[in-house]
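Since the structure comes first, as structure tokens, the remarks are kept for the end.
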Amino acid sequence: MKSTHHLCAFAAIVCVMFFSCASGPEERIDSVYVMVYGEENTEIMGATVYLDGKSLGATDIYGRFTFPYGDCGDEEHSLRVEKSGYEAVSNRCPLRGGQVVYFNMQSGAGYAKKAERCVDEGNLEMAGNLIDKALRIEERKDWRFLKDVIEERMGK
């Protein structure tokens with residue numbers, strides 16, 4: 001009988017501890033949440049997040065990264081996100097605990113695809129701008145060829 005009471009008391013304590021614990025960083029208000037997306041709102045995994053030039057870590061499979069940060073007034077900070085094959089993006093703003101900062105990163109492949117579409121539509125100036133962006137992200141022979149085609153059609 002005594003062991004049954006002890007078992008019930010132990011089970012009650014475990015239940016109280018289990019249900020009173022925070023489930024994860026999503027519930028913390030002393031953190032900043034970074035969400036990184038690409039073309040068509042696809043999550044970007046493995047993008048490195050920098051705060052004032054210091055690497056903090058990389059986004060998870062859902063394009064999310066969380067770091068602890070309390071309110072520090074109106075002082076502006078630089079948040080930067082980088083990933084190979086993508087155009088780096090940054091934002092300068094004051095940070096507050098609980099804040100969500102969204103980034104949209106465009107890939108070189110995405111810019112090249114849009115450039116091809118612009119060539120097909122006859123918008124050569126826009127195609128030239130887009131393929132230049134793609135080549136700044138990554139130097140590829142096929143993209144260089146597309147740039148040559150665009151320039152030839154423009155008469156350069």
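So in the range 40-63, with the set limited to residues that are assigned to a strand (DSSP E or B) and open to solvent by 90 Å² or more (accessible area, probe 1.4 Å), which one is farthest from Gly85 (Cα to Cα)?
So in the range 40-63, the residues assigned to a strand (DSSP E or B) come out as 43, 48-51, 54-58.
Next cut, open to solvent by 90 Å² or more (accessible area, probe 1.4 Å) only: 43, 54.
Working: Glu43: 14, Lys54: 21 Å.
Selected residue: Lys54.
Determine whether Gly110 is open to solvent by less than 70 Å² (accessible area, probe 1.4 Å), out of contact with any helix residue (DSSP H, G or I) (no Cβ under 7 Å at 6 or more places or on another chain) and in contact (Cβ under 8 Å) with a residue 60 or more places away in the chain.
Working: open to solvent by less than 70 Å² (accessible area, probe 1.4 Å): yes; out of contact with any helix residue (DSSP H, G or I) (no Cβ under 7 Å at 6 or more places or on another chain): no; in contact (Cβ under 8 Å) with a residue 60 or more places away in the chain: yes.
Spelling it out, it is not the case that Gly110 is open to solvent by less than 70 Å² (accessible area, probe 1.4 Å), out of contact with any helix residue (DSSP H, G or I) (no Cβ under 7 Å at 6 or more places or on another chain) and in contact (Cβ under 8 Å) with a residue 60 or more places away in the chain.
Of everything in the range 113-139, what is buried (at least 19 other Cβ atoms within 10 Å of the Cβ) and touching a Gly at 6+ places or on another chain (Cβ under 6 Å)? Give them in sequence order.
Those that are buried (at least 19 other Cβ atoms within 10 Å of the Cβ) and touching a Gly at 6+ places or on another chain (Cβ under 6 Å): Ala134, Ile137.
Please work out if Tyr102 is hydroxyl-bearing (Ser, Thr, Tyr), buried (at least 20 other Cβ atoms within 10 Å of the Cβ) and either part of a helix (DSSP H, G or I) or within 21 Å of the chain's Cα centre (by Cα) (or both). First the steps, then the outcome.
On the way: hydroxyl-bearing (Ser, Thr, Tyr): yes; buried (at least 20 other Cβ atoms within 10 Å of the Cβ): no; either part of a helix (DSSP H, G or I) or within 21 Å of the chain's Cα centre (by Cα) (or both): yes.
For Tyr102, the condition - hydroxyl-bearing (Ser, Thr, Tyr), buried (at least 20 other Cβ atoms within 10 Å of the Cβ) and either part of a helix (DSSP H, G or I) or within 21 Å of the chain's Cα centre (by Cα) (or both) - is not met.
Specify the residue that is nearest to Val36 (Cα to Cα); the eligible residues are those in the range 143-156 that are without any contact (Cβ under 8 Å) to a residue 12 or more places away in the chain and assigned to a helix (DSSP H, G or I). Before you say what the answer is, go through the steps one by one.
Step one: of the range 143-156, the residues without any contact (Cβ under 8 Å) to a residue 12 or more places away in the chain are 144-145, 148, 152, 155-156.
If we keep only those that are assigned to a helix (DSSP H, G or I) as well, we get 144-145, 148, 152.
Values: Arg144: 28, Phe145: 31, Asp148: 33, Glu152: 37 Å.
Selected residue: Arg144.
Specify the residue that is farthest from Ile137 (Cα to Cα); the eligible residues are those in the range 64-93 that are of a type in the set (Ser, Thr, Tyr) and part of a loop (DSSP other than H, G, I, E, B).
If we filter the range 64-93 for residues that are of a type in the set (Ser, Thr, Tyr), which is where we start, we get 66, 69, 78, 84, 86, 90.
After this cut, where a residue has to be part of a loop (DSSP other than H, G, I, E, B) as well, the list is 69, 84.
Working: Tyr69: 31, Ser84: 8 Å.
The extreme case among them is Tyr69.
The values are calculated or read from the model by the stated rules, or taken from the named source; none is laboratory data. Being a predicted model, the structure only gives us computed values, none of them experimental. When we count neighbours, we look across all protein chains shown, and the Cβ atoms used for this are built from the backbone with ideal geometry, even at glycine. Just the protein is used for accessible areas: all its heavy atoms, side chains included, with ligands, DNA and RNA removed. Shrake-Rupley method; radii C 1.70, N 1.55, O 1.52, S 1.80 Å.
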